[in-house]
Structures are given as structure tokens and as C-alpha cells.
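Let me begin by presenting the structure, written as C-alpha cells, before commenting on it.
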Amino acid sequence: MTLTLYSKTYSFAQLPALIAEKRRLQLPEWEEALFVFLENWLDEGDSIQAQTSGSTGVPKKLGLKKEQMWASAQLTNKFFDLQANDTILLCLSTHYIAGKMMIARALVGNLHLIATEPNSCPIITQPIRFAAMVPLQVETLLHSTQGLASVNHIDQLIIGGSATSALLEAELQNIFTSCYATYGMTETVSHIALRRINGHGASDQYLALEGVWFELDERDCLVIYAPHLQVEPFITNDIVKLKNKTTFEWICRFDNIINSGGIKLFPETIEKKLSAYISERFYIAGMKDEKLGEKVVLVIESKPFTTLQMHELEVHLNTVLGRFEKPREIIFKLPFEETSTGKVKRIVNE
């Protein structure tokens, strides 16, 4: 097994010397974290510490088995047909599972790893066979001349960490890079399903990686069977429509459901309808209401709209939303609160 880093190929036996050499230097924090991961990967322990994003609760640290990470990396490498010496890009923080798994995939597949600072606009100047980014990075790249050229250097791109908006997905139809949305979490050791966003095979449905299959629980929430991880099934809080045992359409988070006057409303479904009409970040949430129990509110990351902007927004709300989906209140909040990985916290003032 080898790893190509800084355009030089190292065997596993050579990596400790490289790590020791780099750890003696005053490296940027993101680069230091890369070598800490490599050091942990090569030690005698059987697990790697990883931190959850905190999007559905308090962030916590998990011990992920190295054999689980190895198995997960093999599945991804196989899905994307990554071959020895292919070049892949690491532009995500290695403090979290997405960044750690890019290194693991390079180790498992004898790949050439290009590591860059995990900022919002990772500039790429050479052909890349495979990369992973969060939506913010992709949006930033697409909206800059130099960044757009960078995206076109990438053959295959997975996008995760948070949902891709309808606007972003529309923009991705105009590029040649094969783009995929991911479904997974730290507990499942990165993604266990993928959805093609653009090009041939584009779909609203997620397809399981090889060997993974699904069921629904009594809440219509996804239950994940992932034999390669050698653990009990994962019971999620994600409401989905299950097409078959390996394919599903994601609907919303069970804990985000709004019960307004006895009618269950799915915030993410409403957001999807509105995403083409609101350029700012926004979300739909439920606020306590004496009459309805909960009322639908729209929270927009902006200073208050002008009268004209409000009129235009109201026209869109009346046009695309059903009677019960229409927000009873619009709240402007600047800026949104985020988790450590940039996911928006759905908070309303009650």
C-alpha cells in the first residue's frame, strides 16, 4: 500500500518518517491535522476519533473502527472506479469524517492525494479524478471565473454536509463534472448512498452503495443496513419514500415536522418549492401558536425586505405553496447561527 502526497509516493513503511519530519515544522493548522490523522491511522489502535457535526444535537466524539473506514473507502473507490495513481482532492477539514475519509480512500486505493486549505474557494489547476466538497464551496466556485475553471478540472464530485439547493442543482446542469449528492453521517462512516445531480442518470432518488439496503420504521423513517460496518442497523430520523430496498427519495427530518392545526407539514418540502424564488439563505420552521399548536414561519437570512420585495415574495408564496404551507409569519435574521461544519441551525424566537 502506498500514498502519493506532495507528488512523491510513500510506502507505509516510509510514512512515519514523513510524519515526523512534517510534525517538526510549523505547519498551518489544516495541514497539521492531516498528519495527525496519518499518525493515528498508523498507530496500534483500532479506531480513529471523529466528531459529529451537531446538526441534529450536541456535537459528540465517536471512535470509528479503522476496518470500518477501510471498508467504506473501498466501496466509494469501487463506485467511482478509482484506480491506483488516480488523483483525488482533499479540500475539507480532516477534523470531520468527510476529510478523514478522503485520506482513507487515498490509502486504500494507492491514490495521488492533493491536499489544499479547506476554504470556501479551493482553486484547482490540474485534472482531478475525484473530489468532495460542501455546497458552499461549490457555489463559491461556480460564481467566480477562476473557480468555474477549477470545477471543470474535476471529473467526479460528491457534495455533502448539507442539502444542495434547487438553485445550485440547476447551475450544476451546465457543467461537465459528474456531480453527486451524498447521504450519510459520521456514524455510518461517511456516505452510504448517492444521488446523481446532473448529466446521465440524474435523479431525485438516492442509490445505496454495494451491499447496503434499507427498510422503514413505523414513523416512515429510514433504517440502514450496512453489513460492511459490522454493526446493528442504523435507525434514522429521516422520513423517506422507499422505492425498493436500495433506493429512496429523501423527504425531511422527522424532528422538523410541523403539526399545524392537526396537519403535518414537511419544512424541507416547502423549502424546495421556494428555493427558486429566494436568493438568500432561508428555512421553514414551526413556531408555537395558541390556536394551531404550531404555525409555519419563514426565516430569511437578510435585513428586512423593502415593500416591493415583500410584494414579490407574497406573489411567489401564493403561487407555489398550498393553503396550509404558506408561512403565517416572515422573520428576517442576520446572520444565521451555524454548526461547526456550516449547517444552519433552525432556530425561531418563540
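Derivation of every value follows stated rules applied to the coordinates shown; laboratory data play no part. Not measured: the values here are computed from a predicted model. A quick note on method: Cβ atoms are made from the backbone with ideal geometry, for glycine too, and the neighbour counts reach across all protein chains shown.
How large is the charge dipole for segment 257-332, taken about the Cα centre, if only the Cβ atoms of Lys, Arg (+1) and Asp, Glu (-1) carry charge, to the nearest 20 debye?
Values: 11 positive and 11 negative charges, 35 e Å.
Dipole magnitude for segment 257-332 comes out near 160 debye.
As I understand it, the dipole of the chain uses +1 on the Cβ of Lys and Arg and -1 on the Cβ of Asp and Glu, about the Cα centre. Which of N77, I263, P227 lies farthest toward its positive end?
With unit charges placed on the Cβ atoms, the residue in question is I263.
So how do W30, W70 line up by other beta-carbon neighbours within 10 Å, fewest first?
Going from least to most buried by this count: W70, W30.
Choose one of T164, A104, M310: the residue whose Cα lies farthest towards the positive end of the charge dipole of the chain (beta-carbon charges +1 Lys, Arg; -1 Asp, Glu; about the Cα centre).
Checking the options against the dipole of the chain, the answer is M310.
Among T140, V212, H95, which residue has its Cα furthest toward the positive end of the charge dipole of the chain, with +1 on Lys/Arg Cβ and -1 on Asp/Glu Cβ?
Projecting each Cα onto the dipole axis, the largest value belongs to T140.
What FRET efficiency, computed as 1/(1 + (r/R0)^6) with R0 = 45 Å and r the Cβ-Cβ distance, is obtained for T307 and S203, rounded to the nearest 0.05?
The value I calculate is 0.65.
Taking neighbour Cβ counts within 10 Å as the exposure measure, how do R195, R105, R253, R24 sort from fewest upward?
R24, R253, R195, R105
With θ set to phi - 60° and the Karplus curve 6.51 cos²θ - 1.76 cosθ + 1.60, what are the ³J(HN,Hα) couplings of segment 292-304 in order, to the nearest whole Hz, using x for Gly and Pro?
For segment 292-304, the Karplus curve yields 9, x, 9, 10, 7, 10, 9, 10, 10, 7, 5, 6, x Hz.
Using DSSP to define loop residues, name the GluC sites (Glu not before Pro) in segment 1-86 whose beta-carbon has at most 16 other beta-carbon atoms within 10 Å.
Working: sites: E21, E29, E31, E32, E39, E44, E67; in loops: E44.
Passing sites in segment 1-86 are E44.
If a/c stays under 1.5 just call it rounded; otherwise compare a/b with b/c (prolate if a/b is bigger, oblate if not). Do that for segment 1-145, with a ≥ b ≥ c from the square roots of the Cα gyration tensor eigenvalues.
Verdict is rounded for segment 1-145.
Setting aside same-chain residues fewer than 8 positions from K61, which lysines have a Cα under 20 Å from its Cα?
List returned: K100, K343, K345.
To the nearest 20 debye, what is the magnitude of the charge dipole of the chain about its Cα centre, counting +1 on the Cβ of each Lys and Arg and -1 on the Cβ of each Asp and Glu?
Numbers: 34 positive and 41 negative charges, 33 e Å.
The dipole of the chain has a size of about 160 debye.
Which of the three applies to segment 62-130, rounded, prolate or oblate, going by the alpha-carbon gyration tensor with a ≥ b ≥ c and a/c under 1.5 meaning rounded?
oblate
Would you calculate a helix-derived [θ] at 222 nm for the chain, using -39,500 (n - 2.57) for each DSSP H run of n ≥ 4 and dividing by the full residue count, to the nearest 500?
So the calculated ellipticity at 222 nm is -8000 deg cm²/dmol.
Suppose R0 equals 22 Å. What FRET efficiency, 1/(1 + (r/R0)^6) with r the Cβ-Cβ distance, do N85 and E31 give to the nearest 0.05?
0.45
Show me, for segment 98-105, the HN-Hα J-couplings you get by feeding each phi into the Karplus relation (A = 6.51, B = -1.76, C = 1.60, θ = phi - 60°), rounded to Hz, glycine and proline as x.
So the J values, rounded to whole Hz, are 4, x, 4, 6, 5, 5, 4, 5.
For the chain, give the share of DSSP beta bridges that are antiparallel, in percent and rounded to the nearest 5; count only bridges with both residues there.
On the way: 44 of 65 bridges.
DSSP beta bridges in the chain are roughly 70 percent antiparallel.
So how do S302, S279, S150 line up by other beta-carbon neighbours within 10 Å, fewest first?
Result, fewest neighbours first: S279, S302, S150.
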